[in-house]
Amino acid sequence: MIVQRLGSGELSARVRELAELLVDTVDDGASVGFLAPLDRAEALAWWEERTAGVAAGRLAVWAAQDGDRVVGTVSLAFPDKPNSRHRAELVKLMVHRDARGRGLGRTLLGTAEEAAAAAGITLLHLDTETGSLAERLYGGAGWTRIGAIPDYAADPGGVLRPTSIYYKRLGARVPAVS
């Protein structure tokens, strides 16, 4: 399995595979912002729209490949406000059903965390459906859950679900208490 960061050109070249991954993720019930059944054309258009963000440096996207097939992805969204350049949002961590159970989710998460730290990011945040399998991944990787918002987002079936908010500090020093 190879995980690589995609520039805008590589992202453009991989949008069909990433769209298939997004459709699979939604069809499997993951709450990643879309309702099921997700049309392939809609998934393709969504990924194509991301290329501008990658080109502008507002978004970093990694793809995990098994052979020549994309089986996972994760992204970091960077704020453009001067007072928030120390943080980023972890978004769209997805692993294809066929590739689960091999630690790929943890690998993708670690890849994004390491890249964020190397870029000087000291705080990451994310949201995920409360009670989802993803919560176990984030909790096990040292992320801190700060609470849940009821009825925050609809799951792929259209049912409103609570969303848990997490954060993780990266390389930040804890001030000494005097």
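The values are calculated or read from the model by the stated rules, or taken from the named source; none is laboratory data. It should be emphasised that the depicted structure is a prediction, and the values quoted were computed from it without experimental measurement. So basically every Cβ, Gly included, is an ideal-geometry build from the backbone, and we count neighbours across all protein chains shown.
Observations on the model:
- Candidates ALA60, ALA45, ALA52: the one that is part of a strand (DSSP E or B), of a type in the set (Gly, Ala, Ser) and over 19 Å from GLY157 (Cα atoms) is ALA60.
- Per-region count, segment 139-162, residues without any contact (Cβ under 8 Å) to a residue 12 or more places away in the chain and among the β-branched types (Val, Ile, Thr): 1
- Filter result for SER75 (touching an Asp or Glu at 6+ places or on another chain (Cβ under 6 Å) and closer than 25 Å to ALA153 by Cα): no
- For the criterion of being surrounded by 14 or more Cβ atoms within 10 Å (Cβ to Cβ), under 21 Å from ALA112 (Cβ atoms), touching a strand residue (DSSP E or B) at 6+ places or on another chain (Cβ under 6 Å) and modelled with pLDDT of 95 or more, THR51 fails.
- When we screen ALA115, ALA148, ALA153 for residues that are modelled with pLDDT of 95 or more, among the small types (Gly, Ala, Ser) and within 20 Å of ARG5 (Cβ to Cβ), the only hit is ALA115.
- Taken residue by residue, segment 67-80 has no member that is more than 18 Å from THR111 (Cα to Cα), among the aromatic types (Phe, Trp, Tyr) and under 16 Å from the mean Cα position of the chain (by Cα).
- Condition check for ASP98: surrounded by 14 or more Cβ atoms within 10 Å (Cβ to Cβ) and of a type in the set (D, E, K, R): no
- Lone qualifier among VAL91, VAL23, VAL74, VAL70 - being within 26 Å of ASP151 (Cα to Cα), touching a residue at least 24 places away in the same chain (Cβ under 8 Å) and in contact with a helix residue (DSSP H, G or I) (Cβ under 8 Å, 6 or more places away or on another chain): VAL74
- The selection criterion, being touching a Phe, Trp or Tyr at 6+ places or on another chain (Cβ under 8 Å), part of a helix (DSSP H, G or I) and free of Cβ contacts under 8 Å to residues at least 60 places away in the same chain, holds for VAL15.
- Scanning segment 21-42 for residues that are surrounded by fewer than 17 Cβ atoms within 10 Å (Cβ to Cβ) and assigned to a loop (DSSP other than H, G, I, E, B) returns ASP28, GLY29, GLY33, LEU35, ALA36, PRO37, ASP39.
- Residue that is surrounded by the most Cβ atoms within 10 Å (Cβ to Cβ) [pool: residues in segment 69-95 that are farther than 16 Å from LEU133 by Cβ and among the basic types (Lys, Arg)]: ARG87
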